[in-house]
There are 2 protein chains.
Amino acid sequence: MLEADAPLAPAALESELRRIGAERYHNLHPFHRLLHGGKLTRGQVQAWALNRYYYQAQIPVKDATLLARLPTAALRREWRRRLVDHDGDAPGTGGIARWMRLAEGVGLDPCYVESGAGLLPATRFAVDAYVAFVRERPILEAIASSLTELFSPTIIAERVSGMLANYDWVTEDTLAYFKPRLTQAPRDSDFALAFVLEQARTPAEQRAACDALRFKCDVLWSMLDALHHAYVTPGLPPPGAFRPAP
Amino acid sequence: MLEADAPLAPAALESELRRIGAERYHNLHPFHRLLHGGKLTRGQVQAWALNRYYYQAQIPVKDATLLARLPTAALRREWRRRLVDHDGDAPGTGGIARWMRLAEGVGLDPCYVESGAGLLPATRFAVDAYVAFVRERPILEAIASSLTELFSPTIIAERVSGMLANYDWVTEDTLAYFKPRLTQAPRDSDFALAFVLEQARTPAEQRAACDALRFKCDVLWSMLDALHHAYVTPGLPPPGAFRPAP
């Protein structure tokens, strides 16, 4: 429908963006089904937590990169909240610290996690591609790439209930990262969606916004592909990557 | 051995670099064993050729990025040969064009290949990470990252003989890319190795050179991990990626 010469009305563009999520968001990936369904070993969950930590730790880098490019105080104030959410207001607070609690809760050494030593190279390449995208692309596309948050409350709800029900070594405290995300993500994605619907006016801009969301879905999906290959089937971690204790 | 305070002698540094290749070069990846041993379908070989095309097409981008940072005419002349090798002197010549003949030879539409439409996102992220590395890191590390070419003549010999013996739809003409590489790669890696052995004098520089080679091995390895996941086991191409004809 985006091949047409006329731009879409905002509601139609929103439908198109939601359709992309319905087809490509990583809740559809088999690794997530295994994770939430209790089908993974503790070592496999450790691999997920370790690799996802790098993503979490780079999110405020990504947001600061965009913040530095935003032209108005109003936009910068809006985007600054994301830095507060992830970096916190004091040591031990914020999303990165909460993800580290998750990593520790599933049995990883925080120094090892923070070092990035056992990361899958594919994780680093995907996350770094996301930061580069936000640094280099037009602001409309950079903001549109954040719209995967439209779809995150569903996956978080599935994840928390599924992991608590299925892994007796996972506690509510271990999963403390996710609870604030259930309010932060909708607040953030409401703003980003309104911005994109307002700013993407030409067919070319609307296509670029949709492509940015597809790109971001690719980032998240490829991280799970790499985990699945290395730790599930065939289960061949690349040289130097984390190997769960037998 | 690189933990010591004293720098390695050049011969010891060369041994260390060769040891990294012996442990991490992608000739050890199961996908290559399948490819060379005739165990892949034509569709799987197409997926390999398609994704590897993006790598080939970005190699002169990577080399031009480095060329623009080299401080002397002598170094630039040396590095310029790589551009000639890959971009050629006229349309239809050079390594990119020869790789496109390989892609066509295994049955792909060249317009599709060139568009990048069916690429695995992980391929793009890995290759772009390589170009970014060469743009951002010290020249010593950028040059050291090319040292995977020390190990390429072996894999090329295995590949050409294995593919010709095992796939009756692969011809010598299809594999024309590889023959010039058997002389180009050693010439290039002789220069790069001599540069690294001469310039990496402190333990920190020597460690950085080794890490650069490890990084490049990770790039190549992660490309095969992504192919293996998408097209071999479990064989789940991500949304939007190339799907072989049934």
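Bear in mind these aren't lab numbers, they're just calculated from the coordinates by the rules spelled out. Predicted model only: the values in this text are computed from it and were never measured. Methodologically, a virtual Cβ is constructed for each residue, glycine included, from the backbone with ideal geometry; neighbour enumeration extends over all protein chains shown.
Structural remarks
- Given charges at beta-carbon only (K, R positive; D, E negative), |dipole| of the range A:10-231 in Debye: 180 debye
- Point-charge dipole on Cβ atoms (K/R +1, D/E -1) for the protein assembly as shown, about Cα centre, debye to 20: 100 debye
- Proximal charge balance of residue B:218 [Cβ under 11 Å; K/R count +1, D/E count -1]: +2
- Total charge dipole magnitude, the range A:60-126, about the Cα centre, Cβ charges on Lys, Arg, Asp, Glu only, Debye to nearest 20: 400 debye
- If you model the range A:130-174 as an ellipsoid using its alpha carbon gyration tensor, with each semi-axis the square root of five times an eigenvalue, the axes come out at 33, 11, 6 Å, biggest first.
- The range B:25-33 - phi-based ³J(HN,Hα) in whole Hz, Karplus 6.51/-1.76/1.60, Gly and Pro as x: 5, 6, 4, 7, 6, x, 4, 5, 4
- Note on the range A:18-161: Cα-only Rg and Dmax are 16.0, 48 Å.
- Calculated mean residue ellipticity at 222 nm for chain B: -22500 deg cm²/dmol, from DSSP H runs with n ≥ 4 weighted as -39500 (n - 2.57), summed, divided by the residue count and rounded to 500.
- Total formal charge among the other residues, if their Cβ is under 13 angstrom from that of residue B:54, Lys/Arg +1 and Asp/Glu -1: +1
- For GluC sites (Glu not before Pro), the sites in the range A:1-96 that DSSP calls loop and that have at most 15 other Cβ atoms within 10 Å are A:3.
- Dividing the mean sequence gap of close Cα pairs (under 8 Å, 6+ apart) by how many residues the range B:10-231 holds gives a relative contact order of 34 percent.
- Computed Kirkwood radius, in angstrom, where 1/r is averaged over Cα pairs of the protein assembly as shown: 24.1 Å
- Cα extents of chain A along the three principal axes, largest first (Å): 58, 39, 34
- Stokes-Einstein D for the range A:106-203, Kirkwood Rh over Cα pairs, 20 °C, 1.002 mPa s (µm²/s): 132 µm²/s
- Average beta carbon contacts from partner chains per residue of A:25-35, 10 Å cutoff: 1
- Model label sites at residue B:115 and residue A:168, defined 7 Å from Cα along the beta-carbon direction, differ in position by 5.4 nm.
- Annotation for residue A:41 and residue B:157: the two label points, set 7 Å from Cα along the Cα-Cβ direction, are 3.9 nm apart.
- Cβ-vector label at 7 Å, residue B:104, separations to other copies in nm: 6.1
- Restricting the chymotrypsin sites (Phe, Trp or Tyr not before Pro) of the range B:106-175 to loop positions (DSSP other than H, G, I, E, B) with no more than 15 neighbouring Cβ atoms within 10 Å leaves B:169.
- Full extension of the chain segment joining residue B:179 with residue B:204 gains 5.3 nm, where the gain is 0.36 nm per residue of separation less the Cα-Cα distance.
- Radius 11 Å from Cβ of residue A:178, net charge of other residues (Lys, Arg +1; Asp, Glu -1): +2
- Between copies, the label points of residue A:135, set 7 Å from Cα on the Cα→Cβ line, lie 0.8 nm apart, reported in increasing order to one decimal in nanometres.
- Pseudo-label separations to other copies for residue A:117 - Cα-to-Cβ vector, 7 Å, nm: 4.7
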